[in-house]
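Student: Please read through the structure below; I'll follow up with questions.
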Amino acid sequence: MVVAFFGRGVVVDAVSDEALRWQTIVGGIALLLGVFSIVQVHWRRVATRHEDRVYSAILLLCLAVMAGFGVFGGVGTGSVYDWLFENIQSPMMATMFSMLAFFIASAGYRAFRARSVPSAILLVTAIIVMLGRIPMGQYLYDGLPGWATWIMTVPSVAVQRGIIIGAALGAASMSLRVLIGIERTYLGRG
Amino acid sequence: MSFWQLMQRLDRRIIYTLIFVSVIIPTLFPLKLPTAVTPETMSFFNAVDSLPAGSRILFPFDCWPSTRAETEPMAVAALRHCFRKNLRVVGLSNVGMGGPSVLENVMNRIAEENGKVYGVDYVNLGYKANYQAVLLGMGSSIETIFPADHRGTRLADLPLMREVPNYDSLVYTVIVSDNAMIDYWVSLVNARYSMPMVAGVTAVMAPKQMSYVQAGQLQGLLGGMKGAAEYETLVGAVDKANRGMDSQSLIHLLIIGFIVLGNVGYFMTRNDKREYHGERG
């Protein structure tokens, strides 16, 4: 796969394609294994009358309903699966995510304090970016979007690039350790 | 207890109520404030706009339903632009839970609006597990990875897909993503297959993706609801993102107000706390 990434050829492509096909099949089976695992865990909770058995039962019921309608009724627009997704699952997930606005406002009010110089810099920067990213900020002062863009494209990118390069080097060295057999913790031993 | 001490102990339910009101009021009474277009959004628009009519493009929608408020307006605006330019769109999702369904609904809606036909002008390949294998495998053969589309139709029966055996037949990629999939599109597909691409991402992801834009790996970027609102303005179809920006404006102002108020209160009551702790020794 590493060779295939850097160059193409008949043999390399054939081997790489076959490996990718296997990888897709294994990925599908892993997904199925995940479903079996979750059913097993929650079925046991229901069977042993665990204190959270009601939640487990709801999970199993929802899993069966969604999978049943998806497999036997199709997943296209207008299907029952689509109706359940559009009117129950999607709004519930969006609701969970939108709760963040309430928590961020409350946390910002209680915890975001200029206790030191670095935290004061962070606070001022956050305010400039927050104002610069909304039409109201531009309405209040025309230069704010430019300031916010500069913060996001110069100091922020410099830091982000450092993080990306650091993470990539870490991932590469970890992969190398796994390939040459130094790293064995994923096998359950040191 | 002084006013500032009282403010430091403000009930969180009051904060929640103010946030709720800030969302509702602009939804009912839009402010219609103009949105300034950033250079990254302009580059995104120009990249799609410069593609010749009939070009085949890839449209990955790698998003969870939870971020739909941000990502769906982006997908709508981008697809509207693509279909108006008569581009032919091959969609897919690397997020199994909800991604293909949202994409299917958005594609059908915008295609119907522009008189496009499924299978000829656009296709939704759906989801396949193991994204790294999917992204690399499509470079050799899309049909090997996706034997059938999201609706279960064999790719051989879809006129558009008969013309698209792999990435070589696609001229551009327009990604909408709310997760790290964007890194794989850049590092696997852009790097290995030299596929030019633009991306629309959630606001929290945008700062990281700026490094890809500056490196030329992404030719344009939409950042959050603001990016979507800018794109709507450029396409000339003001929709949900622009309406959402009114609420976002008020909420940002409210949060800034809370932060300022919290800090003023903190400095006003700091001496009280010192005295209190001093007395206790």
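Values quoted throughout were computed directly from the atomic coordinates according to the rules given, and no laboratory measurement underlies them. Owing to the predicted nature of the structure, the values given are computational and were not obtained by experimental measurement. Here the Cβ positions follow ideal geometry from the backbone for every residue, glycine too, while neighbour counts run over all protein chains shown.
Student: With a ≥ b ≥ c the root eigenvalues of the C-alpha gyration tensor of the stretch B:1-158, is it rounded (a/c under 1.5), prolate (a/b larger than b/c) or oblate?
Tutor: Verdict is prolate for the stretch B:1-158.
Student: Given points 7 Å out from each Cα along the Cα-Cβ axis, report the residue A:115 to residue B:20 separation in nanometres with one decimal.
Tutor: Result: 3.2 nm between the two label points.
Student: Filter the trypsin sites (Lys or Arg not before Pro) in the stretch A:1-79 to those in DSSP coil with at most 15 other Cβ atoms within 10 Å of their Cβ, and list the result.
Tutor: In loop regions of the stretch A:1-79 (DSSP not H, G, I, E or B), the sparsely surrounded trypsin sites (Lys or Arg not before Pro) are A:8, A:49.
Student: For peptide A:75-84, how many partner chain Cβ atoms fall within 10 Å of a residue's Cβ, on average?
Tutor: Per-residue shielding by partner chains comes out at 3.
Student: How charged is the neighbourhood of residue B:262? Take every other residue with its Cβ under 10 Å from the Cβ of residue B:262, and add Lys/Arg as +1 and Asp/Glu as -1.
Tutor: Every neighbour counted, the sum reads +2.
Student: A further question on this structure: Let me confirm the definition first: pairs of Lys residues in chain B, 8 or more apart or on different chains, C-alpha distance under 16 Å. How many are there?
Tutor: Going through chain B pair by pair, I get 4.
Student: Sticking with this structure for a sec: In whole angstrom, and with the biggest value first, how far do the Cα coordinates of the stretch B:39-238 range along each principal axis?
Tutor: Computed over the stretch B:39-238, the largest-to-smallest principal extents equal 40, 34, 33 Å.
Student: Additional query: Could you work out how far the C-alpha centroid of the stretch B:140-189 sits from that of the stretch A:128-158, in angstrom?
Tutor: 36
Student: Taking a ≥ b ≥ c as the square roots of the Cα gyration tensor eigenvalues, with a/c under 1.5 meaning rounded and otherwise prolate when a/b beats b/c, else oblate, which class fits chain A?
Tutor: Since a/c reaches 1.5 but b/c is at least a/b, the shape of chain A is classed as oblate.
Student: Would you mind ranking B:16, B:167 so that the residue whose beta carbon has the fewest other beta carbons within 10 Å leads the list?
Tutor: Least to most surrounded, the residues fall as B:16, B:167.
Student: Continuing with this model, one more query. Taking neighbour counts of Cβ atoms within 10 Å as a proxy for exposure, in what order, fewest first, do B:183, B:168, B:121, B:62 appear?
Tutor: Least crowded to most crowded, the residues run B:168, B:183, B:121, B:62.
Student: Let me ask you something else. Rounded to the nearest 0.05, what FRET efficiency do residue A:57 and residue A:10 give with R0 = 51 Å and r taken as the Cβ-Cβ distance? Could you check?
Tutor: For residue A:57 and residue A:10, the calculated efficiency is 0.40.
Student: Got a sec to turn the phi values of the stretch B:177-193 into Karplus ³J(HN,Hα) couplings, 6.51 cos²θ - 1.76 cosθ + 1.60 with θ = phi - 60°, whole Hz, x for Gly and Pro?
Tutor: Result, ordered by residue: 9, 10, 8, 5, 3, 4, 4, 6, 4, 6, 6, 9, 7, 5, 5, 7, 9 Hz.
Student: While we're here: I'd like the Karplus ³J(HN,Hα) series for the stretch B:131-144: coefficients 6.51, -1.76, 1.60, θ = phi - 60°, whole numbers in Hz, and an x wherever there's a Gly or Pro.
Tutor: 4, 5, 5, 5, 4, 6, x, 5, x, 9, 7, 5, 5, 5
Student: Could I ask something else about it? Please compute, for peptide A:149-160, the average count of beta-carbon atoms on other protein chains lying within 10 Å of each residue's beta-carbon.
Tutor: Mean shielding count: 4.
Student: Taking neighbour counts of Cβ atoms within 10 Å as a proxy for exposure, in what order, fewest first, do A:6, B:61 appear?
Tutor: By the 10 Å Cβ count, ascending: A:6, B:61.
Student: Separate question: Any idea how far apart residue A:140 and residue A:50 come out in nm if each label point goes 7 Å out from Cα toward Cβ?
Tutor: 4.9
Student: In the protein assembly as shown, what is the volume of the convex hull around the alpha carbon atoms, normalised per residue and reported in Å³?
Tutor: 212
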